[in-house]
Protein chains: 2
Amino acid sequence: MIRVVVVDDEHLVRAGLRLILEAAEDITVVGEAADAAGALEQAHRLRPDVVLLDVRMPGVDGLTVAPEVVSAGPKVIMLTTFDLDEYVHRALRAGAVGFLLKDTPPRELAAAVRTVAAGNAMLAPTVTRRLISSFAERGPARRDAARQRLAPLTARELEIVREVARGLGNAEIARRLTMSEATVKAHVSRALAKLQAGNRVQLAILVHDADLL
Amino acid sequence: MIRVVVVDDEHLVRAGLRLILEAAEDITVVGEAADAAGALEQAHRLRPDVVLLDVRMPGVDGLTVAPEVVSAGPKVIMLTTFDLDEYVHRALRAGAVGFLLKDTPPRELAAAVRTVAAGNAMLAPTVTRRLISSFAERGPARRDAARQRLAPLTARELEIVREVARGLGNAEIARRLTMSEATVKAHVSRALAKLQAGNRVQLAILVHDADLL
DNA sequence: GATCACCCCTACCCGCCGTCGGGGCCGGAT
DNA sequence: ATCCGGCCCCGACGGCGGGTAGGGGTGATC
């Protein structure tokens, strides 16, 4: 049985959500709250599996308490009428694993609760779309260029260069990979030549731009 | 009516997908393909609304043709058995707006087709979860943390550390800022102490994470 | 099966990096 | 005025970083 707490300032909305969720055999609403303080209190006392948290609330809003609610244990699904980018960003950074619009059909709402209770995530389709595009448009130019440049490296060389990019010294790398320090230097040296780099710092920059860590 | 093309090298899978999708009143499968070339041809000739594209295929795989299929017009949903990060990243950057596992229930599969046809996106819950976490870790969180760490540096030190992060050597930095190389070393050394870093590489990493260039 | 090419490893030499100690300068506190 | 602390600057030592030359192993081509 999945235990849920519903948080919204309008009791009509709370009642509606409760009705929808209780209709599912495997879901039970164990508590309700009308504001941020209530949400926190219930999260700590009832230890629910999932908290449905409204974004807009008088006083402290849902996005602001979200981090604390999350750290109290439960999975958090944010609920809102508008899927503003601002909301989504804050919610996801706060650790929410769900972001749904209030016009979500009952069936999908229940499905979302099950999904997050199982450790996965569920977003409204419009939100997913934006998240994807912001992910895809996140300067693939530089990253791809960096990966292109790193391509000529052999597997072993790349492995070592990645350690370099973590800020490790040659001796440390040798220790971790169980090889001679001289060998590490040789690999680094070849990598420098292949990539036309002068420093190991430039190697580190490349690896970072390529998002390899 | 949503017009769909199904691409998979196993005809059994194609038949299954066709069966599932045709069961929906508002969806029709207008074509099938068994490889990358066929997928491209059908995408151009039939101009479907949605293409279901298998990731693993003999010859050119799904991820590789995905960009071309996308640019041909249709919305692309990638299908796979395993949700490897590698797959997901490539798919999303290729412009796919869906990424589903092959064990997706029929009802959700049809729902996904409708969702992407409507201009939105649909990911498998496990994929959504990873995308969110990679988004959260990537956001301004890291950048702000890095800036926090760089805060104790003096203006001059930061100026020099930024040059270090560009991959320049001490001699070069000295030349550009018209000072002795020994001075550069001193600044770098103090920066290392303040930031509890062992290498200049670690300085470079911090500056990069802080987005200062 | 010999050649070739590539990758991985190792040993020695020199230049750069980083530490240590110290000097000149300015602003605020006693 | 003096002291003090912070910032910027400099010169000289030890150690790490990088260049060079070369040996052993493996797979492809013929």
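The values are calculated or read from the model by the stated rules, or taken from the named source; none is laboratory data. Since this is a predicted model, take the numbers as computed values, not measurements. Cβ: placed from backbone, ideal geometry, glycine included. Neighbour counts: every protein chain shown. What goes into the accessible areas is simple: the full protein's heavy atoms, side chains included, and nothing from ligands, DNA or RNA. Shrake-Rupley method; radii C 1.70, N 1.55, O 1.52, S 1.80 Å.
Over the Cα atoms of the stretch B:2-137, the radius of gyration divided by the Kirkwood radius equals 0.93; this is the Rg/Rh ratio. To the nearest 500 deg cm²/dmol, what mean residue ellipticity at 222 nm is calculated for chain B from DSSP H runs of n ≥ 4 alone, each contributing -39,500 (n - 2.57), summed and divided by the residues? Roughly -17500 deg cm²/dmol at 222 nm, from the helical runs in chain B. What is the protein assembly as shown by shape, rounded, prolate or oblate, if you read a ≥ b ≥ c off the alpha carbon gyration tensor as root eigenvalues and call it rounded for a/c under 1.5, prolate for a/b larger than b/c, and oblate otherwise? Cα axes put the protein assembly as shown in the oblate bin. Taking GluC sites (Glu not before Pro) across the stretch B:1-87, the ones in a DSSP loop with at most 15 further Cβ atoms lying within 10 angstrom of their Cβ are B:GLU10, B:GLU25. Coordinate range of the alpha-carbon atoms in the stretch A:56-112 per principal axis, descending: 29, 23, 20 Å. Taking the convex hull of the alpha carbon positions in the stretch B:140-209 and averaging its projected area over all directions gives 4.2 nm². Radius of gyration (Cα atoms) of the stretch A:1-79, expressed as a multiple of 2.2 N^0.38 Å: 0.97.
Please find, in a Gaussian network model of chain A (springs between Cα atoms separated by less than 10 Å), the residue of A:VAL30, A:VAL97, A:VAL113 whose mean-square fluctuation is greatest. Between A:VAL30, A:VAL97, A:VAL113, it is A:VAL30 that shows the largest mean-square fluctuation.
Using a 7 Å projection from Cα along Cα-to-Cβ, the label point at B:ARG56 is separated from the same position in the remaining copies by 4.8 nm, smallest value first.
Solvent-accessible area of the stretch A:2-136 (1.4 angstrom probe, protein heavy atoms only): carbon and sulfur portion equals 55 percent. Inter-copy label distances at A:MET179, shortest first and taken from points set 7 Å along Cα to Cβ: 3.8 nm. Of all lysines in the structure, the ones whose alpha carbon falls short of 19 Å from that of A:LYS194, not counting any fewer than 8 places away in one chain, are A:LYS185. Taking chain B as a Gaussian network of alpha-carbon nodes connected by springs under 10 Å, the highest mean-square fluctuation of the residues B:ILE77, B:ILE173, B:ILE20 belongs to B:ILE173. Across the copies of the chain, B:LEU213 has label points (7 Å from Cα along Cα→Cβ) spaced 1.3 nm apart, shortest distance listed first.
B:VAL55 sits among other residues whose Cβ lies under 12 Å from its own Cβ, and their net charge, with Lys and Arg +1 and Asp and Glu -1, is -3.
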